[in-house]
Amino acid sequence: MKKSAVHFSNEKRLRRKIAAAMLGLFLESCACFGALAQAQVAAKDWPKATPKEFGIDPAKLAAFDADLASGKYGLVDSMLVLRCGTSVYDKTYEHDYGQVYGERAKKEGPLNHDLHGPYNYFSTEFHPFYRGSDMHTMQSVSKTVTSITLGIARMRNEFTASLDAPILQILGGHKILNLDDRKKRITLRHLLTMTAGLEWHEDLAYDDPKNSADLMEASHDWAQYVLDQPMSEEPGKTFVYNSGATILLAQIFKKVTGKNIDEYAAEHLFKPLGMRYYWKHSPTGLPDTEGGLYLSAHDLAKIGQLFLKGGMWEGKDVVSSAWIKDSVTPHIAVPGGEWKYGYQWWLEPIGSAPEDITWFARGFGGQQLMILPEYDIVAVFTGWDILPTEEKRQHDTLRRILDSANRFYGCAE
């Protein structure tokens, strides 16, 4: 399938802004939150400047932009680059997803368990934008936001369970299949670091009917599905990417705090940062922490800036610097490369020094929040490239950002 992209016309930009504004008015008038909520919108967006003003080569970013627009990187929807808290590059790209995925939207399958609802990944009502707004599906970036929210609750002394507490002791009362001593040793820390030891097959393509995440989403009680899986090894030993682990974090958060994690994030993360959001729920009403969050690219960048500045936003602590430090510490090696994993954060070394590391939140389809602490850069990419292809895809996004930026540019405080 030939994939291409062009910049949004002014008319299409206007239509999306109008849709976002109408959605905001609807949400503000809604008396109940449930799965859908609207935090107070910030009065101002990111300040803007040229790349050159902030030590970034404009020609190199423009060349990167041209490659994104041409389809060289697949179906990319946006690129936003911030330096020193200032937007120096902000581009969006148009795709007719009704044309690209329209026929698949009519057929049930591994990526379509819900013909007329939010778990039809080919439905243009829900993917990649929520009902014509600028809120884009975050997919597994939701996992990172879940970890941040848990950290906020710990800072506020409202999530009191130890990270080394066995999760079955917290949950209690569950009838669980394949129960053995290893499963009894799974802790919160193991869930956060994807080292639970459960048998899980998410290394398969997401349109493969044997993918464990797809099977979970096709079930009714997602948390129970995960808990029932057999163990494959001792917890804490090996990284195995497991979306179900993050679903268990949602269940545990509700058990410990008495609140759903999306509602807590709305009050203590999204509202202070002035972020709009939509968050899907599983059939049992549990927030879909593995992939259900929607944010605009500009709002996602706020989370990057929050971490870059040690958890402070407008002079107030939103999340503790200690949680940030622990979250982006490499706790486990990811097999097959140089990647490491923290608390639902991907970590990629860019040099030999300990500080030479980039923090990533990543999601299916091309969602990326990229934080380069040593460069004071936050970059956001969104997209909806969700089917396997034989076409060669570029995977040098980080390198192109690094190549364009002067590392030693100093931000004025």
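Computed from the coordinates by the stated procedures, all read-outs in this text should not be read as laboratory data. Just so it is clear, the model here is predicted, and its values are computed rather than measured. In this analysis, Cβ positions are derived from the backbone assuming ideal geometry, glycine residues included, and neighbour counts consider all displayed protein chains.
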Open item on the list: About the Cα centre, and with charges only on the beta carbon of Lys, Arg (+1) and Asp, Glu (-1), how big is the dipole of the stretch 6-404? Nearest 20 debye, please.
Closed with: 840 debye
Task: Cut-off 12 Å between beta-carbons: net charge of the residues surrounding GLY351, Lys and Arg +1, Asp and Glu -1 - done: -4
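Could you compute Rg(Cα) / (2.2 N^0.38 Å) for the chain, with N its residue count?
Against the empirical 2.2 N^0.38 Å value, I get 0.94 for the chain.
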TODO: Step through the residues of the stretch 366-374 one at a time and calculate ³J(HN,Hα) from phi using the Karplus curve (6.51 cos²θ - 1.76 cosθ + 1.60, θ = phi - 60°), rounding each to whole Hz and writing x for Gly and Pro.
DONE: x, 7, 8, 10, 10, 10, 10, x, 6
Open item on the list: Could you tell me the center-to-center distance, by alpha carbons, between the stretch 99-171 and the stretch 298-373 in angstrom?
Closed with: 19 Å
- [ ] Could you sort out which of LYS184/LYS259; LYS184/LYS316; LYS237/LYS271; LYS48/LYS271; LYS72/LYS316 sit more than 31 Å apart by Cα distance in this structure?
- [x] LYS184/LYS316; LYS237/LYS271; LYS72/LYS316
Open item on the list: What's the ranking of 328-338, 207-217 by average number of surrounding C-beta atoms within 10 Å, highest first?
Closed with: 207-217, 328-338
Open item on the list: Please list, in order, the residues from the stretch 74-88 whose amide nitrogen is less than 18 Å from a point placed 7 Å along the Cα→Cβ vector of ASP207.
Closed with: 74-76
Task: Packing rank of 149-159, 74-84, 184-194, where each peptide gets the mean count of other beta carbons within 10 Å, highest leading - done: 74-84, 184-194, 149-159
Task: Full-extension gain in nm, THR329 to THR284, via 0.36 nm per residue minus C-alpha separation - done: 12.8 nm
- [ ] Find the Cα radius of gyration of the stretch 210-341, compare it with 2.2 N^0.38 Å by division, and give the number to two decimals.
- [x] 1.17
- [ ] For the chain, return all DSSP H helices satisfying: extent of Cα atoms along own axis at least 20 Å; mean Kyte-Doolittle hydropathy at least -0.5.
- [x] 10-29, 141-155, 243-257
TODO: Using θ = phi - 60° and the Karplus relation 6.51 cos²θ - 1.76 cosθ + 1.60, list the HN-Hα couplings for the stretch 187-202 in order, rounded to whole Hz, with x at every Gly or Pro.
DONE: 10, 4, 4, 5, 5, 5, 9, 6, 10, 5, x, 6, 6, 7, 10, 10
Open item on the list: Placing unit charges on C-beta atoms (Lys and Arg positive, Asp and Glu negative, everything else neutral), compute the dipole magnitude of the stretch 104-251 about its Cα centre in debye, rounded to 20.
Closed with: 360 debye
TODO: For MET135, list long-range residues whose amide hydrogen, built 1.01 Å from N in the peptide plane, is under 5 Å from its own amide hydrogen.
DONE: TYR130
TODO: Give me the distance in nm between label points sitting 7 Å out from Cα along the Cα-to-Cβ direction at ALA412 and SER70, one decimal.
DONE: 3.8 nm
Task: Helical contribution to [θ] at 222 nm, DSSP H n ≥ 4, -39,500 (n - 2.57), averaged over the chain, rounded to 500 - done: -8500 deg cm²/dmol
TODO: Report ³J(HN,Hα) in whole Hz for each residue of the stretch 89-94, in order, from the Karplus equation J = 6.51 cos²θ - 1.76 cosθ + 1.60 where θ = phi - 60°; Gly and Pro get x.
DONE: 7, 8, 10, 10, 10, 9
TODO: Enumerate the amide H contacts of ILE377 below 5 Å, restricted to partners 5 or more residues apart or on another chain; note that Pro and chain-start residues carry no placed amide H.
DONE: LEU372
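Let me have the relative contact order for the chain, percent, based on Cα pairs under 8 Å that are six or more residues apart.
Once divided by the residue count of the chain, the mean separation gives 21 percent.
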